Amino acid sequence: MHRFTVDYNKDETNPRSRLHRGYFIHQAPRIMPLCRLLGHKAMVDGYDRQYGDRERVRWVVCDRCGVRPEPQGFLDADEWNLGQQYTGPMTDTTPPPPSTTLIKQLARKQLPMPRPKTPGPWPARPTGAFGAELVIGKSSTIGFGLKVGNAGSEHVLAAHIGLGPLGALFIHTERFGQGIQRRLNPTGYDSREVDLAFHHGKAWWTIWGRRDEHSTSDPKWMRGNININPAHYLLGPSSGETIQETETAPTTVRMPDGATYDVTVKLEKWQHGRPRGRKTTHWALNWSSTSGIPTRNHSWKGDNTLGGYGPFPDAYAGSPHWVELASAQIAADCMKDRARYGYRAPEAA
Ligand SMILES: [Zn+2]
């Protein structure tokens, strides 16, 4: 058994949290009291792959603790069904692993590695591992969750709790908990999770949902969210809408190098709030240019800025000179972009 820690903040110049560390224990002995008392319970495990070439693989596993004999065996799929009790022979010795020379020879001839057909003895000292990740100070999650892995998962069980500004804790097991996994999620290659998270004023839940795949055939209760902001119920749902807008006006943007660009500008007045709550309004400038204003050199995103959308000062919106003020703001924004992207004007031909 050995343990070690990793400091994830070590190489960060500006760490988000006060502490961010990983703690690991490897090769920890597995206890398995029932199996030690009664012996392992041999069962046929494996998979039937449905996609592409049909592939059916069978091996032996202990149904109680999830330990596999060494080797695990390579049974005839026509003879052995998944989940059936294994009553076939098991050898007393584990054959030595293939030599490096043999592995190289097989790889050169593109031949598969030989797999012993008969399962071997149960491992004398099965081991597993634990891992934990602790964040003290700002973390990105609020909520908690549990994961039960599948037959192919490296992490058999995992759990996390996130307390937002206070921190977070993530833990997982390797090999430990395979008995639980075999009880709750024995077949298939989908891990399952139970999760409750809070963000954007809502509570989001997952109940025994597949971890990496959402399907339209999943029952409704499996995933969902509910608004938990009291204002949502007292004052109505939050929304935003345009309540006023100007005509689209043509104008010219003049950059410091003297070049001019034709653009069109339009102002929109937005109102945000809840039906029975206080409303706030702000103005926004919407502009576009068919030729675009050059702000970068040789970028895959394109070198010209073709338009933009952003806040516009309320005090300017009512001015008779709002068009000129808008074109000055566009020039200033494009200059800031040029500075940010290190723009160099192309040399005159
Ligand atoms: Zn066992």
Suppose we keep only residues that are open to solvent by 90 Å² or more (accessible area, probe 1.4 Å) and within 30 Å of Val57 (Cα to Cα) within the range 16-32. Which one would you say is farthest from the ligand (Cβ to nearest atom)? Gln27
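Would you be able to say whether some residue in the range 53-66 is aromatic (Phe, Trp, Tyr) and either farther than 26 Å from Phe176 by Cβ or in contact with a Lys or Arg (Cβ under 6 Å, 6 or more places away or on another chain) (or both)? Step through it out loud before you land on a result.
First pass over the range 53-66, keeping only residues aromatic (Phe, Trp, Tyr): 59.
Within this subset, residues satisfying the condition of being either farther than 26 Å from Phe176 by Cβ or in contact with a Lys or Arg (Cβ under 6 Å, 6 or more places away or on another chain) (or both) are none.
No: the range 53-66 contains no residue that is aromatic (Phe, Trp, Tyr) and either farther than 26 Å from Phe176 by Cβ or in contact with a Lys or Arg (Cβ under 6 Å, 6 or more places away or on another chain) (or both).
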Given the conditions (1) surrounded by 16 or more Cβ atoms within 10 Å (Cβ to Cβ); (2) touching a Cys at 6+ places or on another chain (Cβ under 6 Å), report the number of the one that Gly66 does not fulfil. (2)
Residue by residue through the range 179-192, note down the ones that are open to solvent by less than 40 Å² (accessible area, probe 1.4 Å) and not in a loop (DSSP other than H, G, I, E, B). Gly179, Gln181, Arg182
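Look through Leu134, Leu102 and report the one residue that is of a type in the set (A, V, I, L, M), within 30 Å of Met90 (Cβ to Cβ) and open to solvent by less than 70 Å² (accessible area, probe 1.4 Å).
Values: Leu134 fails: within 30 Å of Met90 (Cβ to Cβ).
None of the others qualify; the one that does is Leu102.
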Return the pair list, or none, for Cβ contacts closer than 8 Å from residues in the range 22-33 that are modelled with pLDDT of 95 or more to residues that are within 16 Å of the ligand (Cβ to nearest atom) and among the acidic types (Asp, Glu), at least 6 apart or on different chains. none
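Quick check: is even one residue across the range 38-61 under 30 Å from Val6 (Cα atoms) and out of contact with any strand residue (DSSP E or B) (no Cβ under 7 Å at 6 or more places or on another chain)?
Taking the range 38-61 and keeping what is under 30 Å from Val6 (Cα atoms), we get none.
Within the range 38-61 (the criterion being under 30 Å from Val6 (Cα atoms) and out of contact with any strand residue (DSSP E or B) (no Cβ under 7 Å at 6 or more places or on another chain)), the answer is no, since none of the residues qualifies.
Name every residue in the range 78-91 that is at pLDDT 90 or above and surrounded by fewer than 17 Cβ atoms within 10 Å (Cβ to Cβ), in order of residue number. Spell out how you get there, then give the answer.
As a first pass, look at the range 78-91 and keep what is at pLDDT 90 or above: 78-81, 84-91.
Listed by number, the residues that qualify are Asp78, Glu79, Asn81, Gln84, Gln85, Thr87, Gly88, Pro89, Met90, Thr91.
Please give the strands (runs of 3 or more DSSP E) falling wholly within the range 63-164 in which 1 or more residues are within 16 Å of the ligand (Cβ to nearest atom), under 27 Å from Gly46 (Cβ atoms) and under 35 Å from the mean Cα position of the chain (by Cα).
The qualifying strands (runs of 3 or more DSSP E) are 127-136.
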Specify the residue that is farthest from the chain's Cα centre (by Cα); the eligible residues are those in the range 199-241 that are aromatic (Phe, Trp, Tyr) and under 30 Å from Asn150 (Cα atoms). Trp221
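Pick out the one residue from Ala259, Ala284 that is within 30 Å of Ser319 (Cα to Cα), touching a Pro at 6+ places or on another chain (Cβ under 7 Å) and open to solvent by less than 50 Å² (accessible area, probe 1.4 Å).
Testing whether each residue is within 30 Å of Ser319 (Cα to Cα), touching a Pro at 6+ places or on another chain (Cβ under 7 Å) and open to solvent by less than 50 Å² (accessible area, probe 1.4 Å) leaves just Ala284.
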Residue in the range 39-62 that is nearest to the ligand (Cβ to nearest atom), counting only those that are open to solvent by 70 Å² or more (accessible area, probe 1.4 Å) and not aromatic (Phe, Trp, Tyr): Lys41
Here is a check on your reading of the model: is Val67 within 17 Å of Pro123 (Cβ to Cβ) and modelled with pLDDT of 90 or more? yes
Checking the conditions here, which among Lys109, Lys117 is loosely packed, with under 15 Cβ neighbours inside 10 Å, farther than 30 Å from Pro230 by Cα and modelled with pLDDT under 90? Lys109
Within the range 308-330, track down each residue that is surrounded by fewer than 15 Cβ atoms within 10 Å (Cβ to Cβ) and farther than 12 Å from Thr251 by Cα. Tyr309, Gly310, Pro311, Pro313, Asp314, Ala315, Gly318, Ser319, Pro320
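The values are calculated or read from the model by the stated rules, or taken from the named source; none is laboratory data. Bear in mind that the values here come from a model prediction, so they are computed numbers and not experimental data. Note that we place each Cβ from the backbone using ideal geometry, even for glycine, and neighbour counts take in every protein chain shown. What goes into the accessible areas is simple: the full protein's heavy atoms, side chains included, and nothing from ligands, DNA or RNA. Shrake-Rupley method; radii C 1.70, N 1.55, O 1.52, S 1.80 Å.
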